[in-house]
Amino acid sequence: MIPKDHPRYRSLIARERLARCAREGIVALEGLAAHGRGEAFDYLIGERTSESAALAARTAAAMLLSARHPVISVNGNTAALAADEIAALQKASGADVEVNLFHRTEERIRLITRLLEEHGVRVLSGTAERLVPLAHDRALSLREGIGDADVVLVPLEDGDRCAALRAMGKTVITIDLNPLSRTARTATLTIVDELTRAVPAITVACASLSPGEGERLIASLDNIYLLRAAIDEMRERLSHALE
Ligand code: ATP
């Protein structure tokens with residue numbers, strides 16, 4: 001039992017959840033390593049939502065709400081860490097949810113779908129086809145899901161798939177603590193924040209955008225500015241780290 005007043009409570013809870021989900025076959029062992037990379041960047045950003053990440057989350061809400069067909073692409077880490085949060089975002093944004101895995105097996109798809117459904121997510125089902133231009137099982141997508149989407153939210157994605165979705169003409173929103181990753185630099189919009197802070201921030205924004213705000217946010221989107229702001233935030237924190 002992790003004491004609630006432990007200074008690293010949230011991080012320890014996340015690790016415990018990921019380890020349990022790895023034992024159950026929901027999270028791939030490689031996903032644990034990816035989480036570690038994220039944690040390191042979270043340390044650098046101060047384990048809190050920066051102003052630029054909050055702006056990115058509001059912009060993401062605007063993009064999801066104005067999309068013709070928004071889809072949230074969920075992998076094992078996302079399901080393990082944020083099933084409740086994805087359910088709330090689906091309700092607020094009207095987005096479809098599709099499971100897409102780097103380390104894909106039908107058993108993992110089934111386990112992740114079940115976990116999401118237990119938390120109230122409506123998960124698209126059907127026969128996946130090789131729709132995304134990738135020589136890998138991540139190419140497998142649903143024609144009526146990611147195949148048809150104009151806006152795709154892909155939290156914790158890798159660079160190749162993000163680039164392939166962009167090449168298909170899709171608007172790609174990602175959540176990635178590493179502003180230097182290929183994903184962060186390839187996406188249309190990158191929220192440099194931890195998944196379990198970023199998803200609720202998008203959900204809250206969906207319900208609180210004022211008239212005209214969404215159009216203004218989309219018109220002024222500058223992803224390079226957002227990435228620079230995240231790097232500046234980290235640099236600033238580092239330069240005062242030992243004071
Ligand atoms: P790329 O291919 O885009 O250069 P990568 O090889 O690091 O990146 P992955 O190994 O798939 O891609 O890692 C996924 C990314 O998700 C990492 O950049 C990591 O920083 C980030 N990440 C991991 N856990 C979280 C989390 N809980 N919240 C936000 N970001 C996270």
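The values are calculated or read from the model by the stated rules, or taken from the named source; none is laboratory data. Given the structure is predicted, the values throughout are model-derived calculations rather than measurements. All Cβ positions, glycine included, derive from the backbone under ideal geometry; neighbour counts span all protein chains shown.
If you check LEU101, LEU55 for being away from the ligand (no atom under 11 Å from the Cβ) and at pLDDT 95 or above, only one passes: LEU55.
Taking region 91-206 as the region of interest, the helices (runs of 4 or more DSSP H) fully inside it that hold 1 or more residues being surrounded by 23 or more Cβ atoms within 10 Å (Cβ to Cβ) and among the small types (Gly, Ala, Ser) are 182-186. Beta carbons closer than 7 Å, at least 6 apart along the sequence or on distinct chains, pair a first residue in region 1-30 that is in contact (Cβ under 8 Å) with a residue 12 or more places away in the chain and farther than 20 Å from LEU101 by Cα with a second that is acidic (Asp, Glu) and not in a loop (DSSP other than H, G, I, E, B) for ILE2/GLU16; SER11/GLU39. Taken as a whole, the structure leaves ARG228 outside the set of residues that are modelled with pLDDT of 95 or more and in contact with a strand residue (DSSP E or B) (Cβ under 9 Å, 6 or more places away or on another chain). For region 151-168, which positions are away from the ligand (no atom under 15 Å from the Cβ), out of contact with any strand residue (DSSP E or B) (no Cβ under 6 Å at 6 or more places or on another chain) and either free of Cβ contacts under 8 Å to residues at least 12 places away in the same chain or under 25 Å from ALA87 (Cβ atoms) (or both)? Selection gives nothing.
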